[in-house]
Amino acid sequence: MDFNRVKLPREIHSGPGVIKETGSICKDLKLSGRVLIASGPRTMKVAGEKVINSLQEHDFDVETIIIDAPSTDAVEAVQDRMKNMSAVLGVGGGKVIDVAKMAATQSGSHSVSVPTAASHDGISSPRASIKNEGGSISLKAEPPMGVIADTQIISQAPFRLMASGCGDIISNYTAVLDWKLAHRLLNEDFSDSASALSLVTAEMLIKSAGDIKEGLIESAAIVVKALISSGMAISIAGNSRPASGAEHKFSHALDIIAPKPALHGEQCGVGTIMMMYLHGGDWEFIRETLKTIKAPVNARELGIEPEYIIKALTKAHTIRKERYTILGDRGLTEAAATKLARKTGVID
């Protein structure tokens, strides 16, 4: 008999200044002794030092490692440092958190997620996006045992990162449509509760779109809450279906093809406009919402040449071939991709 096991973070703490409570939160999580802080060069100054101080005040022995890129080498480097550690705290953006999650998973240890930006739903999800020679791959990981989201620090991150996080959430709309399609055509397993949570999260964010503004702690709180909910929908489903469909395939294809890709959530947002058009849904509503949030809605705003958009659209169906979406098994022809991108205003 198949049992469904759902793993979620044990504790989620969010609010302005909560990072100063990291030591006591880790004690509550029954962590002790030596812990590793994985952070980026900038985020170590912005948040890492506060985390270290709080941990040391609670008698933790703290070591640090700087992550430059979300690569398999970085995962191995963190793993090597994790011997005799009770946990790794990923302090930074999505890349740092993904490396910490993956290293903890592979070494059979724990991770704690301390985001400094609300740029994508990896904050709490059981997935990690890691780069290898062929581009970025999404891997199954243990979700972090705790999330400490300081909305004051997150609100001070470049606004582009938060707008990117919004794009990642809005893409839940087309992800769920693709999942339903695969369920109807291929009888793929479908979870009503995971899809409902995913859609409610996207709807909640869209209702608040006008309130998401630069530098506001309240805006950071809205987006963080949505990203954590989206991560939980993935945990309930046991896969990333509730938050990743054809629009994510398009983004991953762009990562491989474009010389300078944009942010993950930015690309997913633009992908959602086009995939919603293919689904026959209200793509204009998606575009207007992204505009309200000041997220990119076309190739020019992404900073990507139109030719790479077309190439990514024709290649997208080859990414994660086992995941059936509106793109089908054969994908789009160049003519169909061009027509789609023009019709939705993604290219001129």
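One table, with the values for the structure above:
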quantity: Taking the chain and dividing mean pair separation by its residue count, relative contact order in percent (alpha carbons under 8 Å, at least six apart); calculated: 16
quantity: Residue exposure sequence - ARG300, ARG160 - by fewest surrounding Cβ within 10 Å; calculated: ARG300, ARG160
quantity: Options ILE304, CYS268, HIS317, ranked by Cα towards positive dipole end of the chain, top entry (Cβ charges); calculated: HIS317
quantity: Net +/- balance of residues flanking THR201 in space, Cβ distance below 13 Å, scoring K and R +1, D and E -1; calculated: -1
quantity: Sum of side-chain charges, ASP28 neighbourhood, beta-carbon under 13 Å (Lys, Arg +1; Asp, Glu -1); calculated: +1
quantity: For ILE319, net neighbour charge (Lys/Arg +1, Asp/Glu -1) across residues whose Cβ lies under 10 Å away; calculated: +4
quantity: Amide H within-cut-off set for LEU89, under 5 Å, with H built and near neighbours excluded; calculated: LEU36, ILE37, ALA38, VAL112
quantity: Mean separation of Cα contacts under 8 Å (6+ apart) over length of segment 11-156, as relative contact order %; calculated: 29
quantity: Ordering of 326-335, 252-261, 220-229, 115-124 by burial proxy (mean other Cβ atoms within 10 Å per residue, highest first); calculated: 115-124, 220-229, 252-261, 326-335
quantity: Gain on full stretching of the segment that runs from HIS58 to LEU8 - 0.36 nm per residue minus C-alpha separation; calculated: 15.5 nm
quantity: Overall Cα dimensions of segment 43-132, principal axis frame, Å, largest first; calculated: 37, 29, 21
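Since every read-out is calculated from the coordinates, none of them should be taken as a lab result. Quick caveat, the model's predicted, so the values are computed rather than measured. All Cβ positions, even for glycine, are placed from backbone atoms using ideal geometry, and neighbour counts span all protein chains on display.
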